[in-house]
Amino acid sequence: MRLFVTGGAGFIGSHYVNAILAGRYPGTEDAHVTVLDKLTYAGNLDNLGFDPFRLTFVRGDICDEDLVMSLLPGHDAVVHFAAESHVDRSITGAAAFARTNVLGTQVLLDCARRAGVGRFVHVSTDEVYGSIDHTSWTESWPLSPNSPYAASKAASDLLVQAYHRTHGLATSVTRCSNNYGTHQFPEKIIPLFITNLLDGQDIPLYGDGMNVREWLHVSDHCRAVHLVLTHGAPGEIYNVGGGRELSNRELAERLLDGVGASWDRVRWVADRKGHDRRYSLDSTKIEKELGFAPEVPFERGLADTVRWYRDNRWWWEPVKKRAELEAAWQTPGRVRAGA
Ligand code: NAD
Ligand code: TDX
């Protein structure tokens with residue numbers, strides 16, 4: 001099996017590639033993986049295991065059609081993780097989201113069609129459904145994205161479905177809930193809060209802290225993606241939920257406990273614009289049709305994650321420092337005209 005994995009140096013993509021290289025899923029012991037990753041601020045080669053025989057890494061952009069076309073022939077499947085993935089960044093600048101998430105997905109689909117690639121799994125998100133106060137979304141729920149990030153992912157999902165219907169490309173879409181685990185860039189709530197607390201800083205809770213997210217361990221998510229690749233039906237969409245809903249306030253309490261800090265470290269800050277109130281997936285389809293169930297209990301997964309950040313400062317300190325410097329230099333007045 002030859003897999004073409006986009007975004008394989010990011011958080012979820014690297015967990016997926018490392019699981020393949022470790023032969024963690026049946027039939028992947030001899031699989032070869034090509035990773036195409038632009039290495040944006042979120043991509044990190046330290047995330048990836050090293051295997052010169054089974055892993056080829058290419059630094060490049062999924063929007064670069066010539067590059068993708070030069071790499072793709074001979075692969076059995078595309079597993080598409082690459083994206084701009086942070087909602088707050090999409091609020092301050094949406095262009096990269098439209099480019100990578102929409103145009104990049106279209107380029108990949110077109111190249112996969114031309115190269116005769118047999119399978120295409122598109123990794124999407126629950127955020128395409130919008131926000132839901134009660135009950136949970138099934139796959140047939142109308143798309144109603146709110147942030148520019150979610151809108152760009154919804155657009156990419158529609159393109160994937162269109163390439164299946166129009167060209168018969170064997171695509172599937174996965175829509176998962178919020179992932180957590182090791183090697184997540186410290187801008188998302190869990191790694192941001194853990195690393196702030198370890199550094200003696202406050203943690204910024206948006207709004208009233210009562211927004212609810214459904215948490216899924218990254219290893220469970222990657223197993224679901226592979227299950228959809230190998231056993232999912234072309235043209236189908238699969239929700240992948242972790243089943244554990246928590247308000248951000250409840251999550252903050254658990255993280256404070258995890259590092260032994262008290263509530264006075266919480267700083268209430270202005271709410272995110274257009275902040276979705278609650279995400280909740282109905283994952284019956286993937287459970288019944290593909291036999292998927294999350295395996296990592298949230299308490300254990302969160303404790304492991306806290307421990308990993310405590311023990312691996314070498315990984316997050318430099319990337320966090322660089323992100324803080326970049327943000328500071330973007331503050332008006334910091335950059336001289338013409339500089
Ligand atoms: P991430 O931001 O950690 O990683 C994204 C990766 O894509 C990085 O390695 C980056 O360098 C690469 N990339 C970005 N633009 C690129 C381009 N133009 N060409 C090639 N590579 C590019 O993201 P993640 O959290 O690992 O998310 C992976 C996928 O899962 C995304 O599609 C995201 O929408 C989806 N998703 C994530 C979550 C979550 O909780 N993190 C939840 C649901 C869905
Ligand atoms: O500093 C913060 N304070 C805070 O209260 C941050 C960064 C977030 N929050 C809140 C906003 C959300 O209600 O925490 C919640 C989670 O925020 P994020 O970690 O930014 O994730 P979210 O916006 O829910 O989106 C995530 O899940 C769906 C991923 O970033 C997406 O890539 C994925 O598609």
Please compute P(r) over all alpha-carbon pairs of the stretch 139-187, binned at 10 Å starting from zero, and give each bin as a whole-number percent. 20, 42, 29, 9
Considering only N211, V225, N196, whose Cα is most displaced toward the positive end of the charge dipole of the stretch 172-239, charges sitting on Cβ of Lys, Arg (+1) and Asp, Glu (-1)? V225
Under the rule of at least 5 residues apart or a separate chain, name every residue whose amide H is placed under 5 Å from the amide H of S124. T174, R175, C176
Amide H to amide H, which residues 5 or more places from F57 or on other chains are under 5 Å from it, using H placed in the peptide plane? V35
Could you point to the residue in A98, S147, Y163 farthest towards the positive end of the chain's charge dipole, with +1 and -1 charges on the Cβ of Lys/Arg and Asp/Glu respectively? A98
Could you list the square roots of 5 times each eigenvalue of the Cα gyration tensor of the stretch 39-135, that is, the equivalent ellipsoid semi-axes, sorted largest first and rounded to whole Å? 26, 17, 15
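Per residue, how big is the convex hull around the C-alpha atoms of the chain? Give it to me in cubic angstrom, could you?
On the way: hull volume 48.2 nm³, N = 339.
Given the Cα convex hull of the chain, per-residue volume reads 142 Å³.
For the stretch 1-45, what is the per residue volume of the convex hull drawn over the alpha-carbon atoms, in cubic angstrom?
Details: hull volume 2.5 nm³, N = 45.
Taking the convex hull of the Cα positions in the stretch 1-45, it is 56 Å³ per residue.
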Could you tell me which trypsin sites (Lys or Arg not before Pro) in the stretch 190-276 are loop residues by DSSP with no more than 14 other beta carbons within 10 angstrom of their beta carbon? R272, K273
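Report the chymotrypsin sites (Phe, Trp or Tyr not before Pro) located in the stretch 15-77 that are in a DSSP loop and have at most 15 other Cβ atoms inside 10 Å of their Cβ, or state none. Don't skip to the end; give the middle numbers.
On the way: sites: Y16, Y41, F50, F53, F57; in loops: Y41, F50, F53.
Sparse-neighbourhood loop chymotrypsin sites (Phe, Trp or Tyr not before Pro): Y41, F50, F53.
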Under a straight-distance cross-link criterion of Cα-Cα below 17 Å, which lysines are reachable from K320, leaving out those fewer than 8 residues away in the same chain? K188
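Send over a whole-number figure in Å² for the accessible area per residue of the stretch 144-299, probe 1.4 Å. Don't jump to the answer; show the numbers that get you there.
Numbers: 5970 Å² over 156 residues.
On a per-residue basis, the stretch 144-299 sits at 38 Å².
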Straight-line reach only, C-alpha to C-alpha below 13 angstrom: list the aspartates and glutamates that K153 could link to, leaving out same-chain residues fewer than 8 apart. E84, D126, E127
Would you mind putting 138-145, 276-283 in packing order, based on average other-beta-carbon counts within 10 Å, highest first? 276-283, 138-145
Could you check which residue among A82, A154, A31 shows the biggest mean-square fluctuation in a GNM of the chain with a 10 Å Cα cutoff? A31
In nm, give the distance between the simple-model label positions of A323 and S247, each being 7 Å from the Cα along the Cα-to-Cβ direction. 2.6 nm
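To the nearest 20 debye, what is the magnitude of the charge dipole of the chain about its Cα centre, counting +1 on the Cβ of each Lys and Arg and -1 on the Cβ of each Asp and Glu? The partial results should precede the final answer.
Numbers: 36 positive and 42 negative charges, 104 e Å.
Dipole about the Cα centre, nearest 20: 500 debye.
For a quick check of your reading of the filter: which GluC sites (Glu not before Pro) in the stretch 12-85 sit in a DSSP loop and have no more than 13 other Cβ atoms within 10 Å?
Details: sites: E29, E65, E84; in loops: E29, E84.
Qualifying residues, ordered by number: E29.
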Could you tell me which of rounded, prolate or oblate describes the stretch 97-238, using a ≥ b ≥ c as the square roots of the eigenvalues of the alpha-carbon gyration tensor, with rounded for a/c under 1.5 and, failing that, prolate when a/b is larger than b/c and oblate otherwise? prolate
GNM, the chain, Cα, under 10 Å: largest mean-square fluctuation among A155, A95, A170? A95
Roughly how many Å is it from the Cα centre of the stretch 241-273 to that of the stretch 146-218, as a whole number? 17 Å
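The values are calculated or read from the model by the stated rules, or taken from the named source; none is laboratory data. Keep in mind the model is a prediction, meaning the values are calculated, not measured. In this analysis, Cβ positions are derived from the backbone assuming ideal geometry, glycine residues included, and neighbour counts consider all displayed protein chains. The area values use the complete protein model at the heavy-atom level, side chains included, leaving out ligands, DNA and RNA. Shrake-Rupley method; radii C 1.70, N 1.55, O 1.52, S 1.80 Å.
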